[in-house]
Amino acid sequence: MKKKIVAVTSCPTGIAHTYMAAEALQMAAKKMGVEIKVETQGSVGAENVITSEDLREAHAVILACDTKIDEERFAGLPILKASVQDAIKNAESLIQKALNMERKNFVDEVYKVKSERKEKAKGVYKHLMTGVSHMIPFVVAGGILIAISFAFGIRAFEQEGSFAAALMEIGGNAAFSLMVPILAGFIAFSIADRPGLAPGMIGGLLASRIGAGFLGGIAAGFGAGYLTAWLKKTIKLPKSLEGLKPVLIIPVLSTLIVGLGMLYVVGKPVAALNSSLTSWLNSMNDTSMVLLGILLGLMMAFDMGGPVNKAAYTFAVSTLSSGQPSVVMAAVMAAGMTPPLGVALATILAKDKFTTEEREAGKAAFFLGLSFITEGAIPFAAADPIRVIPSIMAGSAVASVLSMLFGCTLAVPHGGIFVLPIPNAVSNLFMYLISITAGTLVTALILSTLKPKRSE
């Protein structure tokens, strides 16, 4: 009888890695003759949901997730935990490990990493990305509405009662004001479950109000999360009073401590750091623009949607928090579009250096690049990292630097080419397209040169 595996995949943005990991697991299972059902928890919510009947039939569970998910429903099944990158690159190995687990023992097994330090770092990244993944819908919705408001004129929202003012109220004053509290709240939720949500969100709101911004929100989220987790373990009450702990004692204590910490300890230094960073960005000269542009470009292409890419993207999003177009956001989106566009162009310029399957994948990568989904370059990088990764990093650095030097700004955090036609969404549109095109050409030419001809 075939053994059945159930799996869940979930990446921070819920756009590309989630579905690539699911597809990799399904293809590997088919090759191995194993039955598998993969639930994807992407940006549109859970799809192909695992049912109670699936759980009764399952031998083991694979959780290929970089965000926090509800694991309670898998109680009684052995669980193999991994990242989405593990599933994309080593799907067969994961499935084999899951098959080797003894169902009768009901013992969770965590996918092995090289050191305890790396495991802890992965946990911190997972908590941060849980916050980021919940924040992104607010950023995107608010950013698009602000961009549409700018379509009526950059200052049109200042006219009270106008449609542009209403859009700015919804996008800037409502959606954007929730970004930092949501970020902080779900970082804390990832660490301490539901008891961490209230102190995290309240700490994030305080960070927003005192000018500590994203940095303060991250500090509030981690502070609230670890404090709440510690309180849950430390506070011991008689069984008759145990019910008061999650609804009264822990929320009040943790909210009080986090709130006072933000107001009197953490808030002002972080607000000063945030203000200094903003001042530096506003006063950048050509030299500092080039250096920052190179750094952001390299980060966006290095791991194509991984932790380094997300760090650059999160930094760029934070520069939009004032509701004004950002030169950094423009550079980051240009750098993120370039890798898949560049490899797609390379499959056309050097057809004899790519397989038929790679040339077909290039067509998909082209549309992913247009949509600002950097992960479109992953299949090429996985197949030939030594040649592909340096090529895309060079192209992204060029696109990012040119965008900054041309003074291009972007009012939205995502959308790729599809948001560019919105009036005033991007400044200096023609030169912005030139920046993306130049980066694409650099990637394509370098990759076409480095790639050897295929032997027939």
Check segment 116-275 and count each lysine pair with an alpha-carbon distance under 25 angstrom, considering only pairs eight or more places apart or from different chains.
11
Estimated FRET transfer efficiency (Leu349, Ser288; beta-carbon r; R0 35 Å; 0.05)
0.55
So how do Phe367, Phe406, Phe430, Phe157 line up by other beta-carbon neighbours within 10 Å, fewest first?
Phe430, Phe367, Phe406, Phe157
Two-site FRET efficiency, Lys363 against Ser240, from Cβ-Cβ distance with R₀ of 45 Å, rounded to 0.05
0.10
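When the chain is fully extended, how far beyond the present Cα-Cα distance does Ala165 get from Asn100, taking 0.36 nm per residue of separation?
Once the chain is fully extended between Ala165 and Asn100, it gains 17.4 nm.
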Which of the peptides 227-236, 143-152, 213-222 is most tightly packed, and how do the rest follow, going by the mean number of other Cβ atoms within 10 Å of each residue?
213-222, 143-152, 227-236
Euclidean distance between Cα centres, segment 1-75 to segment 188-219, Å:
30 Å
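Using Cα pairs closer than 8 Å and at least 6 residues apart in sequence, work out the relative contact order for segment 4-110, in percent.
Answer for segment 4-110 is 32 percent.
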Met262 neighbourhood, Cβ < 13 Å, K/R = +1, D/E = -1, net charge +2
With an 8 Å cut-off on Cα pairs and a minimum separation of 6 or more residues, tell me the relative contact order of the chain in percent.
12 percent
In what sequence, highest mean first, do 330-342, 392-404 appear when ranked by Cβ atoms within 10 angstrom?
330-342, 392-404
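With both partners inside segment 1-83, how many of the DSSP beta bridges are antiparallel, as a percent to the nearest 5?
Given both bridge residues lie in segment 1-83, the antiparallel proportion sits at roughly 15 percent.
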DSSP beta bridges in the chain, what fraction antiparallel, as a percent rounded to 5?
20 percent
By how many nm would the segment from Lys89 to Gln26 grow when fully extended, if each residue of separation counts as 0.36 nm and the alpha-carbon distance is taken off?
21.4 nm
Relative contact order, percent, segment 116-275 [alpha-carbon distance under 8 Å, six or more residues apart]:
21 percent
Estimated FRET transfer efficiency when R0 is 41 angstrom, pair Asn428-Leu450 (beta carbons, to 0.05):
0.80
What does the highest-first list of 20-33, 191-204, 46-59, 126-139 look like by mean Cβ count within 10 Å?
191-204, 126-139, 20-33, 46-59
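Here, each number is a calculation from the coordinates, and none is a lab measurement. Every value quoted in this text rests on a predicted model; they were computed, and no experiment measured them. Backbone-built Cβ (ideal geometry, glycine too); neighbour counts: all protein chains shown.
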